[in-house]
Amino acid sequence: MNPYNYLYLAGILFTIGAVGVVVRRNAIVVFMCVELMLNAANLAFVTFSRINGTLDGQVTAFFTMVVAACEVVVGLAIIVTIYRSRRSASVDDASLLKR
Amino acid sequence: MNTSSSLVYLIALPLIGAVTLLLGGRRTDKWGHLLATALSGGSFVVGLYQLNEMLGRATEDRAVTQKLFNWISVGDFNVDASLLLDQLSICFVLLITGVGTLIHIYSISYMAHDENRRRFFAYLNLFIASMLLLVLGDSYLNLYVGWEGVGLASYLLIGFWNQKPAYATASKKAFVMNRVGDMGLSFAIMIAFATLGTTSFAGVEEQAHHASEAALTAIGIMLVIAAAGKSAQFPLQAWLGDAMAGPTPVSALIHAATMVTAGVYLIIRSNFIFEAAPSAQLVVVIVGAITLLFGALIGTAKDDIKKALAASTMSQIGYMILASGLGPVGYVYAIMHLLTHGFFKASMFLGAGSVMHGMNDEVNMRKYGNLRKFMPITFITFGLGYLAIIGVPPFAGFYSKDGIIETAFNAGGFKGYLLGGITLLGAAITAFYMTRLMVLTFTSKARWDDDAHPHESPALMLIPIAILSIGSVASGFLFKQGDALKNWLKPVFGEHGDHHEEHLFEPIVVSAMALTAVVIGVSIALKKYQFTEVAKVAPENVSIFTRMARKDLGQDAFNEAVFMRPGQAITELAEKVDVKVIDGAVHGVGRMAIGSGSALRKTQSGFARSYAALILVGTIVLLAGIWVVTQ
């Protein structure tokens, strides 16, 4: 199978994720979209690793997974805390940092 | 040239006194004045020792030097802090330390009731040390240090009673006008270094033959400006009258006997420059001639006894400057007049201080009168100084002033007649204003205020005056006797010393003319003041000349119109430029940052999604840009 198809898939996934981040209000969904983008990037890394025949891309993918896992932990904790205090998971409601 | 290791003590002793008294503070209040007087006296003793040593050597190697340390050493430029004591400087050393010590003694009593007496003595010692450095430095640069030192001491002492704003202003005026002269001296040093490559007296004298006349004229004119500033000569004379704000001993020491004669020293020390630059020498003569009449005219109208004496000082230094522009014969008479003037003017200033002491610090002569009955010793000593300054033989001033008048006539041609006439006129006016001062103070009818109780001053004040008045009686005769001073100073002026003298008039004729001038001046003054009732308040309906003289011939008005007002206008302009242009630019940058900040702030909505969208758009634009560029 042509490895470039994986790149197309990664591009589609990344676009879906990016659009999701911009258009959705629910923090959980936005968060999932961010994960989608990260995984699209991972897919691209692995694909390039395959194309070039080196292991660098795969190693980077592992790093990304670890960082993403940490990010999930912290991010979810923040979302839960905000939900507890404000009774809302909408990202537009949490716009206090503007001033 | 011989070296001596004890020259430094001349300067070190009073300097130690100044440092001890200034750093010791109130702890030294009890004995500070005694220490200062003793150290000044010690310096005088060292001076006498040096004179004795000098007399023991042959004429040609009487000068001694002492190298203290290597001061500046940059590449080829080397300046040692070295002292040079020759026949010229020893005259000054003995005058400064001798008169200085007497004035220290006088001040012990005069300043007894001033709670800052210790500070006063510290400044006096600082002055003595600086003045000695001025006359002992072996290069223009060393002289400059002393030159600035005496300026500082003068400033501090004029403003000694600076709780009175007018006195503080007077000290500032003196300082600022001195700065103008100092600028002349620093330019002279710079030009000398640029063209001759050295700043030492010996080096400049050696190199002067190779330099162009233009360069030497420039140095000379700059030196004249320096001398005019320090010696209160035209056109920088306006500060001296106000300098009388200082305590009277200061006026006697700094503004009559020593510091104001530093300009004469500078010109005579630089004789090799003026000999080679006749136009600069002519400027010296012109400055001296103008000032001697200028000061004398001011002196005729002053009612303040100290200001009248200050105007007289200005005029007498004009005589010295005039003489120091008339070649080797003139130099000798300039120095002789400087020394005799140091005696009689210091004695008269101290006498004026004694009068003020007895009259509740009143300085207005119209409120004096008939004081000879109450202050006999002050009257006699003052009278001796008076006879000396107007030039009655055999008192000191006769020999020195007569010499200057004679030298002026001998200048040759029209110049000789003009200068001789000016000096004779000056002598007549001197006789007039000094007689006026004597009559108003001592011999006319009493016009005291009701609370005045004139009394003779204590012995501690009278003894120094008496010693000085002995000097004002005898010094001229001693200097003139067998051409003593002339032969003494001859080696300093090199080969020029054997200048052939041409007499326009026989000396006896000149003396007769000078005495006639004196008699005319004295009789006019006697008629106007002794045999006519003197008003207690200065009359208003007087001639335009008197009014001008009372206003110092418009010197302050002139300075104000020509220098102060335009200077103020420039300052105001500079301030406007600073506020509008420079501050405007700085504030503009600030306002621009604030404005762009508040405009950009609107994009910070706080909505995470719009940020994300912006990041997305930015990334796409960036990638597109890269793509376009790399295609």
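The values are calculated or read from the model by the stated rules, or taken from the named source; none is laboratory data. Only a predicted model underlies this, so the values are computations on that prediction, with no experimental measurement involved. We place every Cβ from the backbone using ideal geometry, glycine too, and count neighbours over all the protein chains shown.
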Legend entry - Close pairs from the stretch B:384-405: first assigned to a loop (DSSP other than H, G, I, E, B), partner of a type in the set (D, E, K, R), Cβ under 6 Å, at least 6 apart: B:391/B:401
Inset, instruction - Kindly indicate whether residue A:14 is within 14 Å of chain B (Cβ to nearest Cβ) and either closer than 22 Å to residue B:619 by Cα or not hydroxyl-bearing (Ser, Thr, Tyr) (or both). - result: yes
Inset, instruction - Collect the residues in the stretch B:455-487 that are over 28 Å from residue B:370 (Cβ atoms) and of a type in the set (D, E, K, R), keeping them in residue-number order. - result: B:480, B:483, B:486
Legend entry - Within the stretch B:151-175, considering residues that are among the aliphatic types (A, V, I, L, M) and touching a residue at least 60 places away in the same chain (Cβ under 8 Å), the one farthest from residue B:18 (Cα to Cα): B:166
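Each row is one residue, and each column tells you yes or no for (1) within 22 Å of the chain's Cα centre (by Cα); (2) within 30 Å of residue B:107 (Cβ to Cβ); (3) assigned to a helix (DSSP H, G or I); (4) of a type outside the set (Lys, Arg).
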site	(1), (2), (3), (4)
B:168	yes, yes, yes, yes
B:187	yes, no, yes, yes
B:195	no, no, yes, yes
B:202	no, no, yes, yes
Legend entry - Residue list for the stretch B:523-568, restricted to those being over 17 Å from residue B:240 (Cβ atoms), surrounded by 13 or more Cβ atoms within 10 Å (Cβ to Cβ), touching a Leu at 6+ places or on another chain (Cβ under 9 Å) and modelled with pLDDT under 80: B:534, B:548
Inset, instruction - Starting from the stretch A:18-36, take each residue that is within 8 Å of chain B (Cβ to nearest Cβ) and list its partners that are surrounded by fewer than 17 Cβ atoms within 10 Å (Cβ to Cβ) and aliphatic (A, V, I, L, M), counting only C-beta distances under 6 angstrom and pairs at least six apart or across chains. - result: A:18/B:616; A:22/B:613
Inset, instruction - Pairs only if they're at least six apart or on different chains, beta carbon under 9 angstrom, first in the stretch B:111-137 and among the hydroxyl-bearing types (Ser, Thr, Tyr), second part of a loop (DSSP other than H, G, I, E, B); list them, first residue then second. - result: B:123/B:160
Legend entry - Selection status of residue B:49, among the aromatic types (Phe, Trp, Tyr), assigned to a helix (DSSP H, G or I), surrounded by 15 or more Cβ atoms within 10 Å (Cβ to Cβ) and touching a residue at least 12 places away in the same chain (Cβ under 8 Å): no
Inset, instruction - Could you pull out the residue among B:312, B:279 that is among the small types (Gly, Ala, Ser) and farther than 23 Å from residue B:435 by Cβ? - result: B:279
Inset, instruction - Mind telling me which of the residues B:219, B:290 ends up being buried (at least 24 other Cβ atoms within 10 Å of the Cβ) and of a type outside the set (Gly, Ala, Ser)? - result: B:219
Legend entry - Restricting the stretch A:46-93 to residues that are of a type in the set (A, V, I, L, M, F, W, C), within 12 Å of chain B (Cβ to nearest Cβ) and in contact (Cβ under 8 Å) with a residue 24 or more places away in the chain, the residue that is surrounded by the most Cβ atoms within 10 Å (Cβ to Cβ): A:91
